[in-house]
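Laboratory data are not the source of any read-out in this text; all were calculated from the coordinates shown. Nothing here was measured: the structure is a model prediction, and the numbers come from that model. Here Cβ is always computed from backbone atoms with ideal geometry, including for glycine, and neighbour counts include all displayed protein chains.
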Amino acid sequence: MIWTIGGGKGGSGKSFITANLGICLSRLGIRVILIDADLGGANLHTVLGISPPSLSLSDFIKKRVPHLQDVLIPTQTPNLELLTGAQDLLNAADAKSVQKQKLVRSIQSLNSDTALVDLGAGNALSILDFFLMSDGGILVVTPEPTSIENAYRFLKSAFYRKLKQAVSSSSVKTLISDAMDRKNDMGIQNPHDLMRAVRKLDEGDAQKIVDEVETFHPNLILNQVRSKKDIEMGFSIRSACLKYFGVHVHYLGYVVYDQDVSHSIRRRRPLVLENPRSRAAQCVMEIASKLANSHKIAGELET
Amino acid sequence: MKGIKDQTYYEILEVSRTATSKEIQRAYEHAKETFHADSLAVYSLFSEKEVKELQEAIEEAYRTLADEGLRRSYDQSCFQTAGEGPTNEPSRTREISGEKKSPLSFTGLSFHAEVELYRGKALKQIRERMGVELQTISREMKITIKTLEWIEGETFEKLPPLVYLKGFLRSYAQSLGLNSQQVIDEYIRFMEESKKK
């Protein structure tokens, strides 16, 4: 399974959560690969306490090493490896869909059970595509207007991109592109208005959109929560997304604000190893147990 | 994918058609909090006009569903003409039961069992009474069915370590709108007492 961790804003804790979730999962016996695809500043290795790696995905792409397996960096945790440099591929101007799919296939072919991809900040098309291609996209949000605004922007972009990829008619594709701009001439203000407009144009594409919306289940983690009200905001975000997009967001859990987090980052020691009894570490473990279970469920479905 | 004007009052409040008055009250409070003009959850997503429309729809839905008489008339005009009843539509009811949990989670006010202790059998009884399938909890909360069966069946020897069990119990409780802390405390106390015996 491939999980992608994104959500728009920098500093919301994506790398911290990716690294610590990876460690928790590997301790549950799941073979994990952490993939750093942060366009803005790849530093998953720092959170893990590893020196800047000498090998990266580029070495495999440029055929300096024969197998993708060869560029995986071992970590101090058994069952946990790191792959860096995925951002180079996502950032490349010529990173076409075929190449991204090739990367997904390469990751799937690795000897692991789960890959956690840190997408970093922003909503570049490559990031959105990777988010949509993965088995589960996770948004990491802090309970602040800036973070929520960026997360909604990310979600809107991913949502419309998903719809655009699903429909066949070029006029509907154009309509979706135009709808993304709220100041459009057609008066389309939200996905429901868009749906009405699509129905008039092409009933087949309208049904495709309904099907896509039903299968789109982004996950949400609220980070740095300080109160019960903050925790409940996750449920409010879920209700807001249901009303706005018609999409069911899974609220995976929350991580409390905890000074131990910044201490662990400064020491370059992952929190769940440095201070597993801390409140934030306990929160991450709970989320990991949910991911581990969905992994088992997926395994049961496959067999 | 329906606009607010096309949603039933139950959909607007995100409750099942068999919701109790307490559940409707909780859902209303959650909706009011979520779609408040200053709420962070609507920030940058909805326009002012859309928020106002949502607020009006929520008030209207609550006014009707909170009043037994009005709710009965609404149900008759909305569902009975189409030959639907809450019991005639099991799959839909299950689905909505899964959805309704969210506004109630972390509050623990929605459902109080008439049992003295949240042990596995009592939890199963509550779940069945609410018409929620194990599969729904499994899918929504990402917990395997086996684990849920072990929790309900009090198969303590197969349950995961305490830190994970607490997480599963919390999710389970949230999915039924129960007080999660109370469920965790009572279940673990019962488990430890049973182990001693």
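Helix A:97-109 against the longest principal axis of chain A: what's the angle in degrees, Cα atoms only, rounded to the nearest 10?
Rounded to the nearest ten degrees, it is 40.
For segment A:2-297, build the charge dipole from Cβ charges (+1 Lys, Arg; -1 Asp, Glu) around the Cα centre, then report which of A:Ser58, A:Leu201, A:Ser169 sits farthest towards its positive end.
A:Ser58
Please list the non-local residues whose amide H lies under 5 Å from the amide H of A:Val255, H modeled 1.01 Å from N, same-chain partners needing a gap of 5 or more.
Answer set, sorted by chain and number: A:Leu222, A:Asn223, A:Gln224, A:Val225.
Calculate log10 I(q)/I(0) of the protein assembly as shown for q = 0.13 Å⁻¹, where I(q) comes from the Debye formula with a single equal point scatterer on each Cα and nothing for solvent.
For the requested q values the scattering log ratios are -1.34.
Comparing A:Ser147, A:Ser170, A:Ser12, which has the greatest mean-square fluctuation in the GNM of chain A with Cα pairs linked when under 10 Å apart?
For chain A, modelled as a Gaussian network with Cα springs under 10 Å, the answer is A:Ser170.
What whole-number volume per residue, in cubic angstrom, does the convex hull of the C-alpha atoms of segment A:173-244 give? List each step's numbers first, then the result.
Numbers: hull volume 8.0 nm³, N = 72.
Looking at segment A:173-244, the number lands at 111 Å³ per residue.
For the Cα atoms of chain A, what angle does the longest principal axis make with the long axis of helix A:14-27, in degrees from 0 to 90, nearest 10?
60
Can you list the HN-Hα couplings for segment A:149-158, worked out from phi with the Karplus curve (6.51, -1.76, 1.60; θ = phi - 60°), rounded to whole Hz and with x for Gly and Pro?
4, 5, 5, 5, 4, 4, 5, 4, 5, 5
Can you list the residues, at least 5 places off or on another chain, whose amide H is less than 5 Å from the amide H of A:Val117, using H built in the peptide plane?
Amide H to amide H, under 5 Å and 5 or more residues apart or across chains, A:Val117 pairs with A:Trp3, A:Thr4, A:Ile5, A:Ile35.
I need the peptides B:130-141, A:179-190, B:6-17, A:111-122 ranked by packing, meaning the mean over residues of other C-beta atoms within 10 angstrom, with the highest value on top. Write down the numbers at each step before the final one.
Values: B:130-141: 18.9, A:179-190: 13.2, B:6-17: 20.9, A:111-122: 22.9.
With the highest mean Cβ count within 10 Å placed first, the list reads A:111-122, B:6-17, B:130-141, A:179-190.
Could you compute how fast segment A:2-297 diffuses translationally, taking Rh as the Kirkwood radius over C-alpha pairs and applying Stokes-Einstein at 10 °C with viscosity 1.306 mPa s? Give it in µm² per second.
On the way: Rh = 19.8 Å.
So the translational diffusion coefficient is about 80 µm²/s.
Taking each residue of A:229-238 in turn, how many C-beta atoms of other protein chains fall within 10 Å of its C-beta, and what is the average?
Neighbouring Cβ atoms belonging to other protein chains average 6 per residue here.
Considering every residue in A:188-196, what mean count of other chain Cβ atoms within 10 Å of its Cβ is obtained? Don't skip to the end; give the middle numbers.
Details: counts 0, 4, 6, 2, 7, 1, 1, 3, 1.
Counting Cβ atoms of other protein chains within 10 Å of each residue's Cβ and averaging gives 3.
With an 8 Å cut-off on Cα pairs and a minimum separation of 6 or more residues, tell me the relative contact order of chain A in percent.
Values: 510 pairs, mean separation 68.3, N = 303.
Rounded, it is 23 percent for chain A.
Place the peptides A:55-65, A:134-144, B:181-191 in order of packing, highest mean first, counting for every residue the other Cβ atoms within 10 Å and averaging per peptide.
A:134-144, B:181-191, A:55-65
Expressed as an acute angle from 0 to 90° and rounded to the nearest 10, what is the orientation of the C-alpha long axis of helix A:279-302 relative to the principal long axis of chain A?
It works out to around 70 degrees.
Stick to Cα atoms and the Kirkwood definition of Rh, then tell me Rg/Rh for segment B:4-92.
1.01
Partner chain Cβ atoms within 10 Å, averaged over the residues of B:41-52 - can you pull that number for me?
Working: counts 14, 8, 7, 9, 14, 6, 3, 0, 1, 5, 1, 0.
Whole-number average of other-chain Cβ neighbours for B:41-52 is 6.
For A:His250, what residues show an amide H to amide H distance below 5 Å, using hydrogens built from the backbone and excluding near sequence neighbours?
A:Asn219, A:Leu220
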